[in-house]
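J.: This is the structure I have questions about; it appears just below.
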Amino acid sequence: MVYRLVVRVRLSLFTLQKVGRLTTPSRQFARTTHYNKESYKLVVVGGGTGGCATAARFCRRLGKGNVAVIEPSEIHSYQPMWTLVGAGIKSLSQSQRPTSSVLPSQCVWIKDSVVSFDPKSNSVTTAGGREVHYDYLVVATGLQLNYNLVRGLEDALKYDPMVCSNYHPKYVVKTFPALQKVQAGNAIFTFPNTPVKCAGAPQKIMYLAEEYFRKTGKRDKVNVMYNTSLGVIFGVKKYANSLLEIVKARNITVNYRHNLVEVRPNTKEAIFANLDSPTGETHTFKYEFLHAVPPMSAPDVLRQSPLVNNDGYVDIFNDTLQHKTFPNVFGIGDCTSLPTSKTAAAAAAQCGVLGKNLTAVMEGKKLPCRYDGYTSCPLITGYSKCILAEFDYNGQPLETFPFDQSRERWSMYQMKANIMPHMYWQMMLPGYWQGPALFRKVMHLGMGGAATKC
């Protein structure tokens, strides 16, 4: 009997060694070196747009079991669609898919959160206690929504049906029902005093709401108001000029340098700090409807790591996306220090640069690609109109089409609402879409420039 037991134990060990992996609650992972300690050629922290696209590219290059993605969420959201969800054009379910369906099948999905980064030892630690080592790291955590930094906002979002926010799946579904209930008074839309995902999104829903009020015959009783912490309506002058014409034509009130600091749902009041006031002056507005955009930052765990700069964002070179201190670390997307608008389009262009440069580092070669800050922001201005803003680090237009994209167009709306979602799911997340640089050259007969220089 003892002999049979020994044989069974040896057979079991042989089977495990031959298979080379152990089953875990996330997926099967390879190259385990110690219990709760594992190692991969590439670890990607974050399963959003940049993380998925990067993982897909390198799974094809490195093969099964060599790329791990650390992402706790079971749902992947196409967040650029949430403006349309808030306007009653799309449903939340149309913007979401299971994370398991968008991550590459060859990657190892570690369904957990990172609680610490240790780039000196090439490792990260997860909330579940897993010590994950890497040869190379890509940080793609996205931004953290800090609703708690505005006094009373969390309670208002929870209890006041007329306070909403398109930046969170729980709150975006409140937006259109609230718009339907508005009869008269101030409809206020905010922009916080921090970098945000897609700088145009806070005002896109305002234009849609304004048109909805007109279509339903209550516009003359509703004061549409945009209170922004910025000193301009948009950072690129060409598109800002067009937007200023629109707000003037539609009688929209714009208050610059106003930052939301408190919401009082019991009295229907929103308090804004005047950022130009040396004495900390505040202005109080009554609201009937309030669309609040939260302050944002890189996640706390990232801000507490050695990977960030003084502003709390992953400290990478603007042109190569390689970390300034740790050469085997790269960053992509919203969590980085790149001085460009934080959009999915920017992440797509960055993915192409990162893919080539990280491959070069792996092969001991010079970095061949340069990113010049290309980003795109489809500025929806109505239920059938859109301005397609495209620009670089210097705020210079970098337009794909051979016509003036600063004008409102039905065609650009159709592209935003119906074409881009398919491109996102079918091309961007699998890592095939690297921005429209090639199409731009074709459209402009080779004169259109490129966002990536390789």
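J.: Along its principal axes, what span do the Cα atoms of the stretch 273-420 show, with the longest given first and each in whole Å?
T.: That gives 58, 47, 25 Å along the principal axes, largest extent first.
J.: Another question about this same structure. In degrees from 0 to 90, rounded to the nearest 10, what is the angle of the helix 237-249 Cα long axis to the longest principal axis of the chain?
T.: With both axes taken from Cα atoms, the answer is about 40 degrees.
J.: So what is the relative contact order of the chain, in percent, for Cα pairs below 8 Å that sit 6 or more residues apart? Before the final figure, lay out each step's value.
T.: Details: 977 pairs, mean separation 70.4, N = 454.
This gives 16 percent for the chain.
J.: Let me check against my output: what whole-number percent is the relative contact order of the stretch 371-448, with C-alpha pairs under 8 Å and at least 6 apart? Can you show the working numbers first?
T.: Working: 100 pairs, mean separation 20.7, N = 78.
With pairs under 8 Å counted, the relative contact order is 27 percent.
J.: Mind checking the log10 I(q)/I(0) for the stretch 357-454 at q = 0.16, 0.23, 0.25 Å⁻¹? Debye, one equal scatterer per Cα, no solvent, two decimals.
T.: With one equal scatterer per Cα and no solvent, log10 I(q)/I(0) is -0.78, -1.30, -1.38.
J.: Sticking with this one: Taking only DSSP H segments of four or more residues, each worth -39500 (n - 2.57), what value at 222 nm results for the chain once the sum is divided by all its residues, to the nearest 500 deg cm²/dmol? Before the final figure, lay out each step's value.
T.: On the way: 13 runs with 128 residues, N = 454.
It lands at -8000 deg cm²/dmol.
J.: On to the next question. Would you mind putting 204-215, 118-129 in packing order, based on average other-beta-carbon counts within 10 Å, highest first?
T.: Numbers: 204-215: 21.7, 118-129: 15.2.
Most protected by this proxy first, the peptides run 204-215, 118-129.
J.: Here's something else I'd like to know. Could you report the stretch 353-454's accessible area per residue, 1.4 Å probe, as an integer in Å²?
T.: On the way: 4570 Å² over 102 residues.
That works out to 45 Å² for each residue.
J.: Ranked highest first by the average count of other Cβ atoms within 10 Å around their residues, in what order do 320-326, 385-391, 373-379 fall?
T.: Values: 320-326: 19.1, 385-391: 23.4, 373-379: 25.4.
Order by mean packing, descending: 373-379, 385-391, 320-326.
J.: For the stretch 244-323, report the translational diffusion coefficient in µm²/s to the nearest whole number, using Stokes-Einstein at 4 °C, 1.567 mPa s, and a Kirkwood Rh over Cα pairs. Don't skip to the answer; put the middle values down first.
T.: On the way: Rh = 16.2 Å.
Value of D from the Cα-based Kirkwood radius: 80 µm²/s.
J.: Excluding same-chain residues fewer than 8 positions from Lys286, which lysines have a Cα within less than 17 Å of its Cα?
T.: Lys181, Lys221, Lys268
J.: Which whole-number value in Å² is the accessible area per residue of the stretch 30-105, probe 1.4 Å? Present the calculation step by step, with values, prior to reporting the outcome.
T.: Numbers: 2940 Å² over 76 residues.
Accessible surface, normalised per residue, equals 39 Å².
J.: Moving to a separate point now. Using a Förster distance of 25 angstrom, determine the FRET efficiency expected from the C-beta separation of Asp118 and Arg97, and round it to 0.05.
T.: On the way: r = 32 Å, r/R0 = 1.30.
My answer for the efficiency is 0.15.
J.: Length gain on complete extension for the stretch Leu275 to Thr325, per 0.36 nm per residue less the alpha carbon to alpha carbon distance? Write out the running numbers ahead of the final one.
T.: Details: separation 50, 0.36 × 50 = 18.00 nm, distance 3.46 nm.
Gain in length upon complete extension: 14.5 nm.
J.: Could you go through the stretch 88-93 in sequence order and give the Karplus-derived ³J(HN,Hα) for each residue, using 6.51 cos²θ - 1.76 cosθ + 1.60 with θ = phi - 60°, rounded to whole Hz, and x for Gly and Pro?
T.: x, 8, 10, 9, 4, 4
J.: Given 10 °C and 1.306 mPa s, how large is the Stokes-Einstein diffusion coefficient of the chain in µm²/s, with Rh as the Kirkwood radius over Cα pairs? Intermediate results must be reported in sequence, preceding the final value.
T.: Details: Rh = 23.4 Å.
Answer from the Stokes-Einstein relation: 68 µm²/s.
J.: Among Gln183, Met162, Leu230, whose Cα sits farthest toward the positive end of the charge dipole of the stretch 148-249 (+1 at Cβ of Lys/Arg, -1 at Cβ of Asp/Glu, about the Cα centre)?
T.: Gln183
J.: Taking only protein heavy atoms into account and a 1.4 Å probe, give the accessible area per residue of the stretch 241-351 in Å². Each step should come with its number before you reach the end.
T.: Values: 4480 Å² over 111 residues.
Heavy-atom accessible area per residue stands at 40 Å².
J.: May I pose another question? Using the Cβ atoms and a cut-off under 14 Å, what net charge is assigned to the surroundings of Pro430, where Lys and Arg are +1 and Asp and Glu are -1? Walk me through the numbers before you get to the answer.
T.: Values: positive: Arg57, Arg60, Arg61, Arg97; negative: none.
Value of the local net charge: +4.
J.: Give me the net charge for the shell around Met296: Cβ to Cβ below 13 angstrom, other residues only, Lys and Arg +1, Asp and Glu -1. Spell out each step's value before the answer.
T.: Details: positive: Lys197, Arg303, Lys342; negative: Asp300, Asp311, Asp334.
Taking every other residue near Met296 into account, the sum is 0.
J.: Treating only the Cβ atoms of Lys and Arg (+1) and Asp and Glu (-1) as charged, compute the dipole magnitude of the stretch 334-453 about its Cα centre; round to the nearest 20 debye.
T.: Numbers: 12 positive and 8 negative charges, 42 e Å.
With Lys and Arg at +1 and Asp and Glu at -1, about 200 debye.
J.: How high is the FRET efficiency from Thr282 to Asn146, r the C-beta distance, R0 22 Å, rounded to 0.05?
T.: Working: r = 19 Å, r/R0 = 0.89.
That gives a FRET efficiency of 0.70.
J.: Compute the Rg/Rh shape ratio of the stretch 33-161: radius of gyration over Kirkwood radius, all on alpha-carbon atoms. Walk me through the numbers before you get to the answer.
T.: Values: Rg = 17.2 Å, Rh = 16.3 Å.
Rg/Rh for the stretch 33-161 comes to 1.06.
J.: Can I ask one more? Using Cα atoms only, what is the angle between the long axis of helix 2-19 and the major principal axis of the chain, expressed in degrees (0 to 90) to the nearest 10?
T.: Helix 2-19 sits at roughly 50 degrees to that axis.
J.: I'd like the orientation of helix 344-362 relative to the chain: the angle between its Cα long axis and the longest Cα principal axis, in ° from 0 to 90, rounded to 10.
T.: Around 30 degrees separate the two axes.
J.: Give the residue from Pro306, His444, Pro295 lying farthest towards the positive end of the charge dipole for the chain; charges sit on Cβ (+1 for Lys and Arg, -1 for Asp and Glu) and the dipole is referred to the Cα centre.
T.: The one lying farthest along the dipole's positive direction is His444.
J.: Now a separate question. Placing +1 at every Lys and Arg Cβ and -1 at every Asp and Glu Cβ, with all other atoms neutral, what dipole size does the stretch 85-208 have around its Cα centre, in debye to the nearest 20?
T.: On the way: 12 positive and 7 negative charges, 89 e Å.
Using only the charged Cβ atoms, the result is roughly 420 debye.
J.: Shifting gears a bit: Please report the carbon-and-sulfur percent of the accessible area for the chain; probe 1.4 Å, protein heavy atoms only, DNA, RNA and ligands left out.
T.: On the way: 10670 of 19920 Å².
Using a 1.4 Å probe with all protein chains present, the chain comes out at 54 percent carbon and sulfur.
J.: Still on this model: Please list, ordered by chain and number, the residues whose modelled amide H lies under 5 Å from the amide H of Thr141; skip anything fewer than 5 residues away on the same chain.
T.: Sorted by chain and number, the residues that satisfy this are Cys335.
J.: Would you please give the residues with an amide H less than 5 Å from that of Gln96, counting only those at least 5 places away or on a separate chain, with H modeled from the backbone geometry?
T.: Close amide H contacts, sequence-distant or interchain: Tyr78.
J.: Determine the sum of side-chain charges near Lys181: Lys and Arg each +1, Asp and Glu each -1, restricted to other residues whose C-beta is under 12 angstrom from that of Lys181.
T.: Values: positive: Lys174, Lys218; negative: Asp160, Glu288.
My count for the surroundings of Lys181 gives 0.
The values are calculated or read from the model by the stated rules, or taken from the named source; none is laboratory data. From a predicted model like this one, the values you see are computed outputs, not experimental measurements. Please note: Cβ atoms are built from the backbone with ideal geometry, for glycine as well, and neighbour counts cover all protein chains shown. What goes into the accessible areas is simple: the full protein's heavy atoms, side chains included, and nothing from ligands, DNA or RNA. Shrake-Rupley method; radii C 1.70, N 1.55, O 1.52, S 1.80 Å.
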